[in-house]
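K.L.:
There's a structure below that I have some questions on.
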Amino acid sequence: MESEKNTLINYSGKRALYGVSSMISKLETVGMLKPMEALKAADPKKWHYGNSFDPAKIDNNYSSFTKILSDLNVNILWMNSKNNKIADSIFTYDASFMTPKGAILLSLGKPLRKGEEKIHEAFYKKNNIPIIGRLSGSALAEGGDMFWVDKETVVIGKSFRTNQQGIEQIKRMLNKFNIAVVSFDLPFFKGSEACLHMMSLISIVGYKKALTYKPLLPIGLVQLLEKKGYKLIKAPEDEFISSEGLNINVLAINPGECVMICGFPKTKKALEKNGVNVHTFDGNSLCIGCEGGPTCLTRPILRE
């Protein structure tokens, strides 16, 4: 079987690798973008940020998260934040999607994020990572609506941020590599202004284990996961509501080892009861405030 790992030389001159076809296999390398002035000076009403958004605390929130990644031996490749006016671009999961063969550049559905994929394009070119496709025309898709169920299957949520044209274009790109794309409509929930991604409702946290808010999951997705042998770990409703779904947004570092925002003890306990080791950080001002969790803050480049 052809290896899903591919060699590259990054801008530091060190050898690195790219290739992703899992949400849980060992996270080796991520692409990230440090908090920029545009984020700290953002108009909360314009960007749909919450009451906990506090520019003075964003750097501390971010550094506490990156310290955990460093302690867990995750290699960070930095995207260029110079002259960046897109506050949400700190959430690097959304503007591109990594595959075993290279990256797909997406086109984001939130109008304020228009053109954000150009930051990712420059990053991939600088790091000699191939770009295997890009969305065109009226196609829209955000990474937060996409996740790997297994090495042969990607799920995409049709949402206010991801349309049918985007799903069809991604499907054609991935079908070339014998990767199936399965799509499901997301619920209306709080409407077009709110950020409800597919990954607001589910995170793969271990081998055949997923943390979910089942009441809002598409029926077809639940059936697909059950067919594939997944155990669905129930996230508590009160913490889902209070966090706007960010208690679900859990980043797997290894199978059964994850990072999540602190302040959701019931969710943490549910994970631990199911054999998941959990690391937490204070993300109240950055993550809760700006509608993006630890998964959103990272663009996986290599998972072993």
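K.L.:
Can you give the helix-only mean residue ellipticity at 222 nm for the chain, where every DSSP H stretch with n ≥ 4 adds -39500 (n - 2.57) and the sum goes over all residues, rounded to the nearest 500 deg cm²/dmol?
P.N.:
-6500 deg cm²/dmol
K.L.:
Let me ask another. Can you classify the stretch 127-284 as rounded, prolate or oblate using the Cα gyration tensor, where a ≥ b ≥ c are the square roots of its eigenvalues, rounded means a/c under 1.5, and otherwise it's prolate if a/b beats b/c and oblate if not?
P.N.:
prolate
K.L.:
Using Cα pairs closer than 8 Å and at least 6 residues apart in sequence, work out the relative contact order for the stretch 17-303, in percent.
P.N.:
27 percent
K.L.:
Using Stokes-Einstein with the Kirkwood hydrodynamic radius over Cα pairs, what translational diffusion coefficient do you get for the chain at 10 °C and a viscosity of 1.306 mPa s, in µm²/s rounded to a whole number?
P.N.:
The Stokes-Einstein estimate is 83 µm²/s.
K.L.:
Out of residues 5 or more away from Ala180 or on other chains, whose amide H comes under 5 Å of its own, with H placed 1.01 Å from N in the peptide plane?
P.N.:
Counting only residues 5 or more places away or on other chains, the set is Thr153, Val154.
K.L.:
List every residue whose amide H lies under 5 Å from the amide H of Ala95, counting only residues 5 or more places away in sequence or on a different chain, with H placed 1.01 Å from N in the peptide plane.
P.N.:
Gly143
K.L.:
Check cross-link reach from Lys125 to the lysines: straight Cα distance under 26 Å, and skip same-chain residues fewer than eight apart.
P.N.:
Lys5, Lys14, Lys26, Lys34, Lys82, Lys85, Lys101, Lys110, Lys114, Lys151, Lys171, Lys176
K.L.:
Further, regarding this structure: Of Val20, Val155, Val222, which is the most mobile in a GNM of the chain whose springs link Cα atoms less than 10 angstrom apart?
P.N.:
Residue with maximal mean-square fluctuation among Val20, Val155, Val222: Val222.
K.L.:
Counting only residues 5 or more places away or on other chains, whose amide H sits under 5 Å from the amide H of Ile131 once H atoms are built in the peptide plane?
P.N.:
Residues meeting the amide H criterion: Ala103.
K.L.:
A further question on this structure: Cα centroids of the stretch 212-241 and the stretch 121-182: how far apart, whole angstrom?
P.N.:
Each part reduced to its Cα centre gives a spacing of 23 Å.
K.L.:
Separate question: Relative contact order for the stretch 157-304: what percent, with Cα pairs under 8 Å and sequence separation of 6 or more?
P.N.:
Across the stretch 157-304, relative contact order equals 18 percent.
K.L.:
Then there's this: Determine which aspartates and glutamates satisfy two conditions relative to Lys231: a Cα distance under 18 Å, and not lying fewer than 8 residues away in the same chain.
P.N.:
Asp150, Glu257, Glu272
K.L.:
Which of the trypsin sites (Lys or Arg not before Pro) found in the stretch 13-54 are loop residues per DSSP with 13 or fewer other Cβ atoms within 10 Å of their Cβ?
P.N.:
Lys14
K.L.:
Oh, and also: In the chain, which helices (entire DSSP H runs) extend 20 Å or more along their own long axis, judged by Cα positions, while averaging at least -1.0 on the Kyte-Doolittle scale?
P.N.:
55-71
K.L.:
Further question: At most 14 other C-beta atoms within 10 Å and a DSSP loop state: those are the exposed chymotrypsin sites (Phe, Trp or Tyr not before Pro) I care about. Give me the longest piece of the chain that has none.
P.N.:
Answer from the scan: 12-176.
K.L.:
Using only alpha carbon pairs under 8 Å that are at least six residues apart, calculate the relative contact order of the stretch 224-304 and give it in whole percent.
P.N.:
29 percent.
Throughout, read-outs are computed from the coordinates displayed, never taken from laboratory work. Predicted model, so just to flag it, every value in this text is computed and none were measured. With ideal geometry, Cβ positions are generated from the backbone for all residues, glycine too; neighbour counts draw on all protein chains shown.
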